[in-house]
1. Go over the candidates A:LYS231, A:LYS190 one by one and state the one that is more than 14 Å from chain B (Cβ to nearest Cβ) and among the basic types (Lys, Arg).
2. Filter the stretch B:118-128 down to the residues that are surrounded by fewer than 24 Cβ atoms within 10 Å (Cβ to Cβ) and of a type outside the set (S, T, N, Q), then identify the one that is farthest from B:VAL254 (Cα to Cα).
3. Tally up the residues in the stretch A:106-145 that are under 24 Å from A:LEU207 (Cα atoms), within 14 Å of chain B (Cβ to nearest Cβ) and touching a residue at least 24 places away in the same chain (Cβ under 8 Å), please.
4. Can you give me the number of residues within the stretch B:150-176 that are at the interface with chain A (Cβ under 10 Å from one of its Cβ atoms) and over 14 Å from B:ALA243 (Cα atoms)?
5. Against the definition (within 20 Å of A:SER192 (Cα to Cα) and more than 12 Å from chain A (Cβ to nearest Cβ)), how does B:VAL235 come out, yes or no?
6. Within the stretch B:221-251, take every residue that is among the polar types (S, T, N, Q) and within 12 Å of the chain's Cα centre (by Cα) and give me the one that is surrounded by the most Cβ atoms within 10 Å (Cβ to Cβ).
7. If a residue must be at the interface with chain A (Cβ under 8 Å from one of its Cβ atoms), surrounded by 22 or more Cβ atoms within 10 Å (Cβ to Cβ) and of a type in the set (A, V, I, L, M), how many such residues does the stretch B:271-288 contain?
Amino acid sequence: MQSIVILVVISVLVFLGIFAVGNPVDILISPNATQQERDQVIRSFGLDRPLWEQYLNFLIQAFQGDLGRSYVFNEPALRLILKRMPATIELAAGAMIIAVLMGIPMGILAGWKPQSAVARCIMTSSILGFSLPTFWIGLMLIMVFAVMLGWLPASGRGQTVNLLGMPVSFLTRDGLAHMLMPALNLALFKWSLTIRLTRAGVREVLLMDYIKFAYAKGLSGTRVLLVHVLKNTLIPIITVLGIELGNVIAFAVVTETIFAWPGMGKLLIDSIAVLDRPIIVAYLMIVVTMFIMINLIVDILYSVLDPRIQLGGAS
Amino acid sequence: MFDLVEPAGEAVSKVRKHIPDSPLRRFVTNFVESKVAVGALGVFMLIFLAAIFSSVISPQNPYDLKQLNILNNHLPPGAKGMTGMTYWLGTDDQGRDMLSGILYGLRTSMFVALLSAFIALIIGGTAGLLGAYTGGRLDTLMMRAVDLQLGFPAILIALILLALFGKGVDKIIIALIVTQWAYYARTVRGSALVEKNKEYMEAAAGLALSPLRIVFRHLLPNCIPPLIVVVTMRVAYAISLEATLSFLGIGLPVTEPSLGLLISNGSEYLLSGKHWVSFFPGLALLITIVSINLVGDHLRDILNPRLQR
């Protein structure tokens with residue numbers, strides 16, 4: 001229920017925003033057009049109606065899956081974005097996998113013996129990971145691995161294979177090589193975040209009585225760490241990373257621009273450059289919907305993972 | 001945080017000997033304990049001064065076309081130009097000295113980030129204080145807005161605003177304010193809610209002081225410590241966000257080049273091996289952000305009430 005309210009609020013804000021900015025007719029019609037022609041276009045777009053009526057029309061069309069037509073491609077905006085979406089999701093998933101597979105072990109290591117040299121090293125690099133401007137690191141990756149060493153391709157998706165009707169890169173060698181740098185670049189921030197979260201969780205759980213009890217039972221250190229500690233640190237990590245998934249999709253805008261990755265973020269930036277408003281609006285509505293869905297799934301997952309937490313008013 | 005309730009009895013004389021009794025002095029003593037943080041603060045002050053005096057210390061004015069010579073374009077770092085001037089960090093496609101460009105860019109970046117942080121701090125801080133102090137429907141409504149906004153990444157909000165309103169210094173400052181105010185509001189509200197129930201607030205109310213005086217003279221000063229940490233972290237983020245947006249070509253206009261724009265400009269020549277055009281502005285950006293974050297990290301340690309000795 002609340003998510004629907006959010007969606008409506010956002011749509012009103014976007015709609016009003018677009019109207020505050022200017023009249024789309026000014027862009028669409030040549031300045032030489034007569035007043036009569038202008039009036040005709042205004043009427044055909046429904047722009048002579050009161051604002052609330054226009055908004056209602058926009059909503060009705062949006063529910064029918066019509067978010068307007070792109071001015072540039074002259075195709076439905078929704079279809080254009082959906083066509084680009086698999087590339088972005090593939091990139092985001094790749095980044096999340098890197099962040100989790102690298103971040104959790106490093107975080108455990110840093111939390112296990114916080115005073116050791118390795119732990120300090122990991123923590124310092126995680127501060128760096130937070131501070132480094134993502135786009136610049138992307139450029140430096142291109143400079144080192146594509147220009148100087150020539151190991152990896154600098155842009156594009158490479159060879160793709162159709163999986164369930166969608167082109168994917170990760171199943172071919174060439175596609176993987178193309179994906180490695182963008183995914184790594186996008187992962188950097190989440191990687192640092194995962195390290196910090198895991199470390200904090202491990203340090204907290206290590207002080208618990210059940211850990212002492214596990215030791216007292218005579219379990220080995222590795223078993224305590226990998227079973228008892230890890231299991232209890234995972235819940236907050238999963239929640240935060242779930243919410244961060246939306247963040248990764250938003251940040252993909254930057255990475256896609258640098259590596260010319262043909263995802264929906266690049267489409268957004270290109271559309272902003274040419275003022276293709278229907279695409280901007282459609283992108284926003286789709287991303288907001290994705291956000292709300294991700295949050296919902298995380299909430300459900302959270303209550304499944306941690307039986308102490310119950311959703312809604314169940315008492 | 002700065003709890004001035006005196007410990008009773010013998011303990012007083014014992015404690016007084018070791019801990020300086022002014023909160024500020026205690027704060028300074030704690031801060032200089034970390035050499036890394038002091039060093040980082042020094043580096044940041046240097047960068048800050050360099051940004052302020054960029055027009056004085058720059059070897060050339062990079063935006064005065066009379067001083068530029070197109071024949072000097074893309075000189076590598078350390079090369080001598082036609083006029084005998086040495087370009088320590090090389091030149092860009094217009095024959096512009098990169099060092100001067102970076103100093104001017106730093107000035108723009110700092111100006112945008114600090115001004116937006118300041119305005120956002122005033123808006124968010126006031127909102128958080130009043131919300132916590134008055135409570136009720138206003139507070140609920142405001143926190144809903146904060147939650148809603150923090151649910152979306154800052155870059156997405158900034159992207160949308162700039163997509164709608166176009167680029168410009170004023171517009172990017174507005175976008176940065178909109179993305180930041182919620183953090184300040186939430187932080188101030190959180191500590192104000194705790195402080196509100198302390199005895200000195202009751203005493204102030206008992207003295208029949210005006211609510212405005214209570215909020216700004218008594219409540220506000222006690223909410224500042226956690227706020228300092230958030231401000232440092234947010235300023236670093238604002239600098240980074242502005243650079244990112246300018247890099248994407250939707251932030252600052254070409255007439256006001258910030259570090260992000262310099263990097264974006266250089267990225268076009270990256271594939272031909274002319275790395276210095278984007279490498280050095282990025283390095284300047286990196287050093288700025290890291291120094292602020294290191295200071296903030298240490299501030300968080302010493303201002304965290306849970307870790308207070």
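The values are calculated or read from the model by the stated rules, or taken from the named source; none is laboratory data. Please read these numbers as outputs of a predicted model, since none were measured by experiment. Cβ placement follows ideal geometry from the backbone for every residue including glycine, while neighbour counts extend to all protein chains displayed.
1. A:LYS231
2. B:ALA127
3. Total satisfying the criteria: 3.
4. 11
5. On the way: within 20 Å of A:SER192 (Cα to Cα): yes; more than 12 Å from chain A (Cβ to nearest Cβ): yes.
Yes, satisfied.
6. First pass over the stretch B:221-251, keeping only residues among the polar types (S, T, N, Q): B:222, B:232, B:240, B:244, B:246.
Adding the requirement that they be within 12 Å of the chain's Cα centre (by Cα) leaves B:232, B:240.
Values: B:THR232: 21, B:SER240: 28.
Step by step, filter the stretch B:221-251, then rank; the result is B:SER240.
7. Final tally of qualifying residues: 1.
Listed here are the residues, each with its yes/no results for (1) more than 20 Å from B:GLY282 (Cβ to Cβ); (2) modelled with pLDDT under 85.
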site: B:ASN72; (1), (2): yes, yes
site: B:LEU75; (1), (2): no, yes
site: B:GLY81; (1), (2): yes, yes
site: B:MET85; (1), (2): yes, yes
site: B:ASP93; (1), (2): no, yes
site: B:ASP97; (1), (2): no, yes
site: B:THR108; (1), (2): no, no
site: B:VAL112; (1), (2): no, no
